[in-house]
Amino acid sequence: MINIGELFKKIQNRHSKELFLRSTIQESIKKHTNIDLKVADISVKSGVVSLKNISQTAKSQVFIRKQAVMNEVNALQQIQKITEIR
């Protein structure tokens, strides 16, 4: 059986990796499009990035530069490969 301390350490480690990934995505989008998103508005599941609470105009700008954003994010981190932005 796993003790409670090890369980909390695993949960904390997973959360910090996810936060790092989302902040990397946020910084890359800011660099390529000058759109400032909140980390809470970015979610990643199975390599697909979902953007919430963003205007249609801003989404269009992100999609135009999608490949550059994905390439930079994948180069900066090894946690999860980003394959799509929606």
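Where a number appears in this text, it was derived from the coordinates with a stated rule and is not lab data. All figures in this text were calculated on a predicted structure; none of them were measured in a lab. Heads up, the Cβs are rebuilt from the backbone with ideal geometry, glycines too, and the neighbour counts pull from every protein chain shown.
Observations, loosely collected:
- Qualifying residue in the stretch 39-54 (condition: surrounded by 11 or more Cβ atoms within 10 Å (Cβ to Cβ) and touching a Phe, Trp or Tyr at 6+ places or on another chain (Cβ under 8 Å)): no
- Members of the stretch 67-78 found to be outside any loop (DSSP other than H, G, I, E, B) and in contact (Cβ under 8 Å) with a residue 12 or more places away in the chain, listed by number: A68, V69, M70, E72, V73, L76
- S16 surrounded by 10 or more Cβ atoms within 10 Å (Cβ to Cβ), assigned to a helix (DSSP H, G or I), touching a helix residue (DSSP H, G or I) at 6+ places or on another chain (Cβ under 7 Å) and of a type in the set (G, A, S): no
- Note on the stretch 28-66: among residues that are among the basic types (K, R) and outside any loop (DSSP other than H, G, I, E, B), the one that is nearest to E84 (Cα to Cα) is K66.
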